[in-house]
Amino acid sequence: MNEADPTVSAAAESARTPVIEIRGLHKAYGALQVLRGVSLTAPRGHVVSLIGSSGSGKSTLLRCCNLLEDSQQGDILFEGEAVRWRGAGMERVPADRAQVTRLRTNLSMVFQQFNLWSHLTILQNVMEAPVQVLRRNPAEVEARARALLAKVGIGDKADAWPAQLSGGQQQRAAIARALCMEPKALLLDEPTSALDPELQQEVVKVIKDLAAEHRTMLLVTHDMRLAADVSDHVVFLHQGLIEEEGPPARLFGAPRSDRLRQFLSATM
Ligand code: ADP
Ligand code: MG
């Protein structure tokens, strides 16, 4: 690589900048402290999984990342750019609407309950936000949407209604919808938890394919096998703090904290 070439070094620099970085995040709902100083980095092309008991703050952390939730203290950086805030503590809110929109459209969320729009066909669900929010060319979006539906294995369901699909097919449609935004990262909140075991595998396969393509993902999951298979880094959250983190082989193979050992023996 030619370090003297500014375009080359700028590209290398941007590849090293994490897509998401969270530093010392605190979040409360009223008197309930849910996140108590969490720091987390999602490097470009990496999969970071969040595990932990129900109520430990995993969904809240994901929702704070794309500013679906406010937080009271700490920094959120998207591609090295810190979210700008107005006010402090319980009054703190994002200061720049354009920045919020940029961040949200670049961090696409996949929910446990799919959240497809029931009054739109599958194809319309996938096309809706790129056309209506990003104002992209409908013909180009349609071509991309059809290719994504084929990629997740439901190319023949474009004109079906969500209610006509199985849960596994609906979740794959929701993943195609998230990808059609061409986001810099996917935030997946227990994408397989609402599915029967036999339908989980078709969604697991899609997530594995995305990991193999080096998509940046922040994945909340109860599926320890999935976390072990796809993650570059696993974070164990306990009562709003990171209790332990590391590469999956180490974390699952040789957990250090008693709480993580207990959690793993109860779930695996
Ligand atoms: P997890 O996803 O790890 O199960 P959550 O982030 O959903 O945990 O929740 C963490 C804690 O915050 C829980 O005690 C939950 O009851 C509480 N909580 C979550 N959302 C809200 C809300 N909108 N208002 C009040 N409390 C909430
Ligand atoms: Mg949750």
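Across the range 46-89, the qualifying residues are those that are charged (D, E, K, R) and touching a Gly at 6+ places or on another chain (Cβ under 8 Å), and the one among them that is nearest to ligand 2 (Cβ to nearest atom) is Lys58.
Scanning the range 197-227 for residues being modelled with pLDDT of 95 or more, more than 29 Å from Glu140 (Cα to Cα) and either of a type in the set (D, E, K, R) or surrounded by fewer than 18 Cβ atoms within 10 Å (Cβ to Cβ) (or both) gives a total of 4.
One line per residue, one yes/no per condition, for (1) over 27 Å from Ala15 (Cα atoms); (2) among the aromatic types (Phe, Trp, Tyr); (3) in a helix (DSSP H, G or I); (4) touching a Leu at 6+ places or on another chain (Cβ under 9 Å):
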{"site": "Ser71", "(1), (2), (3), (4)": "yes, no, no, yes"}
{"site": "Val100", "(1), (2), (3), (4)": "no, no, yes, yes"}
{"site": "Arg104", "(1), (2), (3), (4)": "no, no, yes, yes"}
{"site": "Ser108", "(1), (2), (3), (4)": "no, no, no, yes"}
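Within the range 41-54, the set of residues being under 28 Å from Ser265 (Cα atoms) and either more than 14 Å from ligand 1 (Cβ to nearest atom) or free of Cβ contacts under 8 Å to residues at least 40 places away in the same chain (or both) comprises Thr41, Ala42, His46, Val47, Val48, Ser54.
Among the residues of the range 194-222, the ones that are in contact with a strand residue (DSSP E or B) (Cβ under 9 Å, 6 or more places away or on another chain) and within 16 Å of ligand 1 (Cβ to nearest atom) come to 5 in all.
The values are calculated or read from the model by the stated rules, or taken from the named source; none is laboratory data. In this text, all values refer to a predicted model and were calculated from it rather than measured experimentally. Glycine gets a Cβ as well: all are built from the backbone with ideal geometry, and neighbour counts include every protein chain shown.
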